[in-house]
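Right, one structure below, let's go through it.
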Amino acid sequence: MRVGSVLSLTRYPVKSLGGESLPRVEVTPRGLVGDRVCAVHTADGFIGSGKSSYRFRHVDGLLTLRARLSGDRPLVEFPDGTVAPAGDPDTDRRLSDLLGRPLSLRVETTVRHHDASPLHLVTTASLRRLEQLLGEPVDPRRLRANLVLDVDGTGFVEQAWPGRELHLGDRVVLALGEGMPRCAMVNAAQPGLAHDPRVLKLIARENDLDLGLQATVRRPGPLAVGDPVHLC
């Protein structure tokens, strides 16, 4: 059953930094090519994030930076518009100076950078419901989804999809898992968006802190904005 189409594709070459919108991308078993291949690490070896957990340490200001890929190397864009490559000691120094603590950019090794699944998605129906509740537009960048799916209606429709498959375009098949748990990252300020504590409170109240779905890749392949999406 066709449910809609791919509205946007977003890759985050450095975890917890802003990402890049893509017209098309290759989907692999690990997720979108180049997604979260690097992460910011603290001096005690944890991954910098908007939250703290057994793997992560809260680091303020990460979302003031953006990352994009050049070939297979992430580039970090600083708030002043300058760009520096990951893996360069000078980039680590600038990052540390900006955020006020020793930090370094490292590629993924045995500690995975994805939170819970290789990728995650939200629908425009869920976004419209959140906007209804908030009384104003909600920028999808707050949710940091890899895929935004354009579907009809208003409501948390994808919450009925776990355990099913999504067929996207001609080849890609995703296995749909549990709802995507949300954290303080959805409230965080980033370029063009102010800090807004209402967002997470609404998601907690209306949908038990979940918005969108986790997904694993059952069949890899190319994917593009505008590709049809079928629920099976």
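The values are calculated or read from the model by the stated rules, or taken from the named source; none is laboratory data. This structure is a prediction, so every number in the text was calculated from the model and none was measured. Every residue, glycine among them, receives a Cβ derived from its backbone with ideal geometry; neighbour counts consider all protein chains shown. Surface accessibility is based on the protein's heavy atoms, side chains included, excluding ligands, DNA and RNA. Shrake-Rupley method; radii C 1.70, N 1.55, O 1.52, S 1.80 Å.
Using the Cβ of Arg30 as centre and a radius below 10 Å, the other residues enclosed give a net charge of 0, where K and R count +1 and D and E count -1.
Per residue, the accessible area of the chain comes to 45 Å², computed with a 1.4 Å probe over protein heavy atoms only. Peptide packing for 94-102, 148-156 was compared via the average number of neighbouring C-beta atoms within 10 Å per residue; ordered from the highest value, the list is 148-156, 94-102. For the chain, the dipole from Cβ point charges (+1 on Lys and Arg, -1 on Asp and Glu) about the Cα centre works out to 320 debye, to the nearest 20.
Computed in the context of the full set of protein chains, the accessible area of the chain at 1.4 Å probe radius has 52% of its extent on carbon or sulfur. The protection proxy used here, the mean number of other Cβ atoms lying within 10 Å of each residue, ranks peptides 161-171, 27-37 as follows, highest first: 27-37, 161-171. Considering the dipole of the chain built from charges on the beta carbon (Lys and Arg +1, Asp and Glu -1) around the Cα centre, which of Pro197, Thr42, Val111 is farthest to its positive end? Working it through, the farthest residue towards the positive pole turns out to be Val111. Taking Cβ atoms as reference points and 10 Å as the exclusive limit, the residues near Pro13 contribute a net charge of +3, counting Lys and Arg as +1 and Asp and Glu as -1.
Between Gln132, Gln190, Gln159, the Gaussian network model of the chain with springs among Cα atoms under 10 angstrom shows the greatest mean-square fluctuation at Gln132.
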